[in-house]
Amino acid sequence: MNAMRQHRPAIRALRFTTLVLALVAACATSDVQATDTVWVATQTQAFLPSTTATALPATTSEHVVAALNPVLPDSKPTPAQVQAVVDYLQQNGFTGIKVSSSQRLVDATGTVAGIQAAFNTTLMSFQYQGRAAFGNNAPAQVPQALGGVVVAVLGLQNVATAQAVVEVAPSPASTKARANAAGTAVEVAHELTEFPAFYDADNLHIGTGSTVAMVASGDLTAVLANLKAYTTSHGLPDVSTQVIRVGDGSYQDDPAKDLVWTTAVEAMVGMAGGLKQIVFYNPPDLSDANLILGIDTMEDEFSWPVQYASELLPFAISEDDAHRSGLMAASDNAIAFIPENIAPSGDDGAYAESEGVILDAQGNWLVAPGSYTVNYPASDRDVWAIGGTSLYTSGGIYASETGWNSGVAPVDPENLTSDQQLHAGGGGVSKFEGGQGDLFNHAPWRIVPDVAFDADPASGALVYLQGNATPVQVGGTVLAAALYVGLRIRMGYHPETPLELLYTCYADYHDHIKNDYALSGYSMQQLVHPVNEGNNGYGGYGYNAVAGYDAIGGWGSINARNLNALAIGYFHD
């Protein structure tokens with residue numbers, strides 16, 4: 001049987017639209033007249049998948065947010081540029097206007113009529129995947145005087161939203177076995193405290209002095225209670241928590257999201273052997289406008305490693321959708337040059353844009369089988385992307401890993417006409433994000449993932465929920481990404497992060513450079529566990545694992561003991 005995953009949920013009531021303007025630092029006058037009729041396109045494109053849409057009521061009140069995204073790193077839009085946007089929103093009737101501490105965001109409230117007048121588009125309502133949705137029927141535009149400032153307008157649609165999912169193993173879970181040099185290795189569920197030994201981190205220091213940050217949406221009451229119960233029952237030190245609410249909308253409990261966030265926090269704590277604190281940047285939902293508020297606030301408060309050891313972005317959205325909506329343009333600068341952003345590659349295999357829904361009930365393809373897509377923010381070149389593996393153990397000891405692919409299963413198992421969804425580790429080549437130089441055949445485009453860890457629910461983690469007598473057996477690349485966060489913390493702090501060091505080592509091999517630290521006697525094979533088998537597609541399509549770097553497992557999974565010894569030998573001798 002295959003793992004189950006919730007398909008795209010409704011975000012919230014239609015009337016609570018959140019809108020984001022993404023702005024760049026550029027020359028612009030602060031005098032934008034309401035009569036200005038020369039329009040300049042932003043990077044936000046039309047989102048209107050239905051031909052039976054109707055216009056939203058013009059008097060509906062909507063919350064809007066402007067995101068300022070300077071072109072140059074470590075710079076901010078000038079006060080005059082920020083004021084130009086504030087003035088323009090005021091001219092169009094927006095109220096409650098606020099500027100964020102990062103100077104990249106401005107939020108306000110206005111009517112649909114005001115939004116449409118300000119951005120020269122129309123908001124339409126329609127049914128989409130069984131829910132009420134809305135979208136803009138034309139690309140968002142701004143007057144010419146703001147053309148050098150505003151690069152995107154978010155919140156004009158709720159069709160494309162970020163997803164945060166885990167893969168839950170069926171009960172009872174099946175057991176898979178494969179032959180290896182030591183005999184027969186199997187996939188079985190594991191306690192999270194077992195994973196440090198699997199990835200060679202059990203003799204490294206624990207993370208009780210480290211603080212991590214993550215984005216998590218909705219009411220987190222149950223998540224905090226689950227974490228407290230987990231540390232108590234497993235003899236781990238208490239973890240301090242802080243919840244920083246950002247964004248607009250009501251906070252509601254979502255059991256599916258509770259499991260995702262609980263998986264992330266328990267995996268980080270279990271792998272790290274404990275944490276000092278987890279700081280949650282907490283929007284009400286994962287709509288693009290609220291999401292950018294959470295990302296931007298977290299990045300603005302980042303100070304590595306003094307404040308946060310790592311920042312986890314435990315969600316995924318097709319990079320095609322992120323590009324169309326403007327989320328990519330709005331968040332790229334906030335994310336840039338932060339060394340420890342971590343994101344899952346997604347659970348959609350090679351088909352991120354369709355969220356893995358690739359076949360109808362009769363097995364006919366719903367997408368072009370050879371057209372592959374990846375998820376954002378994993379595809380961002382300033383984010384470490386973590387893919388998924390199937391973990392095999394023998395006698396409780398690590399044996400091997402392959403690329404995770406559980407195959408297809410009905411989106412709705414109780415519906416005989418349900419479409420079929422692929423459950424596999426995300427990976428592939430970005431269409432929009434720059435790559436890792438000339439190291440790989442697909443340069444200059446970014447390849448996802450960088451490394452991979454256990455994500456197969458058949459070999460997944462036991463996650464504990466307060467009040468439940470038995471744990472839930474969970475997989476998915478959110479688990480893999482959280483495991484990497486814990487592993488990274490166990491490796492301590494060096495001038496280069498573990499993955500930066502892997503790329504440095506590869507460059508030394510590639511260019512045949514001999515120097516006093518060139519792997520310090522370690523071969524590349526000793527720094528990672530290879531993932532040389534597997535595929536993330538279906539029916540002969542998708543990417544295949546190969547020896548070395550690929551779009552299934554990246555470099556492989558990390559041998560923390562050897563990579564940490566290499567870092568110590570190079571940076572601290």
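Some values worked out for this structure:
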quantity	calculated
Set K76/K98; K228/K257; K76/K431 screened for pairs whose C-alpha atoms are more than 23 Å apart	K76/K431
In Hz, Karplus ³J(HN,Hα) per residue of the range 411-421 (6.51, -1.76, 1.60; θ = phi - 60°; x = Gly, Pro)	4, 10, x, 8, 10, 5, 9, 5, 5, 9, 10
Protection proxy ranking of 43-55, 129-141, 310-322 - average other beta-carbon atoms within 10 Å, highest first	310-322, 129-141, 43-55
Least to most buried among I338, I397, I278 (fewest other Cβ within 10 Å first)	I397, I338, I278
Shape category assigned to the range 351-485 from the gyration tensor of Cα positions, a/c cut at 1.5	oblate
Cα-based shape type of the range 241-348, given that a ≥ b ≥ c are square roots of the gyration tensor eigenvalues and the cut on a/c is 1.5	rounded
The range 252-315: C-alpha gyration tensor shape, a/c 1.5 cut-off, then a/b vs b/c	oblate
Footprinting exposure proxy for E500, E533, E187 (fewest neighbouring C-beta atoms within 10 Å first)	E500, E533, E187
M214, M271 arranged by Cβ crowding within 10 Å, fewest neighbours leading	M214, M271
Distance (nanometres) between label positions extended 7 Å along Cα→Cβ at R131 and A80	4.4
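Bear in mind that the values in this text are calculations on the coordinates, not laboratory data. Just so we're clear, the structure is a prediction, and the values are computed from it rather than from any experiment. Note that each Cβ is placed from the backbone with ideal geometry, even for glycine, and that neighbours are counted across all protein chains shown.
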